[in-house]
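Engineer: Take a look at the following structure, please.
We did not get these values from a lab; they are worked out from the coordinates using the rules stated. Please read all numbers here as calculations on a predicted model, not as lab measurements. Cβ coordinates were reconstructed from backbone atoms using ideal geometry, including for glycine residues, and neighbour counts include every protein chain displayed.
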Amino acid sequence: MRDLSISVYFARAVLKNAVAQGLDPISLLRKNRISPRLMLEDSARISIERFADLQVSTMRAMNDETLGYGAQRMPIGCWSMMCHAVIGCETLGQSLSRYCRFYQLFDIAAQPVLEESGDLARITLAAPDTGSAQTPYLHEMLLFNTHRFASWLVQEHLPLQAVNLSYAPLAPAMDYRHMFLANPIEFEHPLSQLVISRSLLDKRVTQNETSLRHFLRHPALIMLTQDYAVNSWTAQVRHNLRRRLRDMPELSAVATALEVHPQTLRRRLSAEGTTFKDIKNQVRRDTALHFLGKQGLSIEEIAHRAGFSESSAFIRAFKGWTGVTPYTYRKGL
């Protein structure tokens, strides 16, 4: 899943506090092979690999794992120490409890709290003051990390009953759906929180100290790209299309490969908030972004690899996706 992309909104959010910390955002972008020009295009997208590198690079430059959003700085190494504190737990419930207790040691303006009630469990971001609702990216980063880290611990994308965010969406709705793996999201909720089935807390932790060492080499990228055996229909269609990009199958062929009726597949994708056409465009776009970051491939070859028979059609589609031509995008890398 390394050829995914993400809205420029998230890169802007990473860099929002850079200048206040005495850093040059342009230098950070160029260091991570991201064209500064893309920051000016609301519809622009960045490859997941570049985004993960930018986030880690900016955290290190700030020496702050909250990227300047917390009430106080969280020095580099806190995430690693949290992982070591959690890895010895036997169940997910124990892990999440210890995870939350760890972050409650810091004044980060939005501390995670694990609550159990009836059949549900909630990881809520407790706000010590009303100002924390004005730092949406901190909420997104904390909830994303909580969900993906918990999923990594049990090697399964954990289903969410709901993702509640205490503000209006600032990025395209589809990007939030990708961030939380097509689980239901509600905006302008009184609290930012993840809601899961309480039964999930009994799942056994399957990771260990050995696998943690690999995870800590680049946790941001692993959490953004890790795939597991249990997939949504969206993920299954995306995987099928990615393997057959050069002959780009239609919905009926993909439905046959997945052993469902085309209309059934269409309904299931709709229930996950997407369509076959949207997924096809996303796979083509993300494949193009991935290969534009590679040296030695012509625009014509990239167009072919992204499932286009003509480079002119690819160039038009790419400009619609990102606001710039593939030539301009590559020049900025």
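Engineer: Among THR264, HIS239, ALA288, whose Cα lies farthest out toward the positive end of the dipole of segment 211-333, if unit charges sit on the beta carbon of Lys, Arg (+1) and Asp, Glu (-1)?
Structural biologist: Selected residue: ALA288.
Engineer: Here is a follow-up. Let me know the whole percent of all Cα-Cα pairs from segment 78-202 that are separated by more than 20 Å.
Structural biologist: 40
Engineer: Please state the charge dipole magnitude for segment 1-122, taken about the Cα centre, from unit charges on C-beta atoms (+1 on K and R, -1 on D and E), reported in debye and rounded to the nearest 20.
Structural biologist: 520
Engineer: Excluding same-chain residues fewer than 8 positions from LYS331, which lysines have a Cα within less than 23 Å of its Cα?
Structural biologist: Straight-line reach from LYS331, under 23 Å: LYS31, LYS294, LYS319.
Engineer: Report the rotationally averaged projected area of segment 233-331 based on its alpha-carbon convex hull, in square nanometres.
Structural biologist: 6.2
Engineer: Any idea what the relative contact order of segment 250-333 is, in percent, if you count C-alpha pairs under 8 Å spaced at least 6 apart?
Structural biologist: Once divided by the residue count of segment 250-333, the mean separation gives 18 percent.
Engineer: Here is a follow-up. According to the square roots a ≥ b ≥ c of the eigenvalues of the Cα gyration tensor, what is the shape class of segment 15-159, taking rounded for a/c under 1.5, prolate for a/b larger than b/c otherwise, and oblate for the remainder?
Structural biologist: prolate
Engineer: Now a separate question. Cα convex hull of segment 5-62: how many Å³ per residue?
Structural biologist: 63
Engineer: Just tell me which aspartates and glutamates come within less than 17 Å, Cα to Cα, of LYS277; anything on the same chain fewer than 8 places away is out.
Structural biologist: ASP175, ASP247, GLU250, ASP286
Engineer: Using only Cα atoms, tell me the angle between helix 48-62 and the longest principal axis of the chain; keep it within 0 to 90° and round to the nearest 10.
Structural biologist: 40
Engineer: What's the angle, to the nearest 10 degrees (0 to 90), between helix 92-103's Cα axis and the longest principal axis of the chain?
Structural biologist: 80
Engineer: For the chain, what is the charge dipole size about the Cα centre, in debye to the nearest 20, if Lys and Arg each add +1 at the Cβ and Asp and Glu each add -1 at the Cβ?
Structural biologist: With only Lys, Arg, Asp and Glu charged at Cβ, the dipole is about 1100 debye.
Engineer: Given +1 on the Cβ of Lys and Arg, -1 on the Cβ of Asp and Glu, and no further charges, what dipole in debye does segment 242-333 carry about its Cα centre, rounded to the nearest 20?
Structural biologist: Charge dipole of segment 242-333: 180 debye, to the nearest 20.
Engineer: Right, next: Taking the Cα centre of each part, how many Å lie between segment 1-72 and segment 140-200?
Structural biologist: Cα centroid of segment 1-72 versus Cα centroid of segment 140-200: 21 Å apart.
Engineer: A follow-up question, please. Cα axis of helix 136-154 to longest principal axis of the chain: angle in degrees, 0 to 90, nearest 10?
Structural biologist: The angle comes out near 90 degrees.
Engineer: Any idea how far the Cα center of segment 282-333 sits from the one of segment 235-269, in Å?
Structural biologist: Here the answer is 23 Å between Cα centres.
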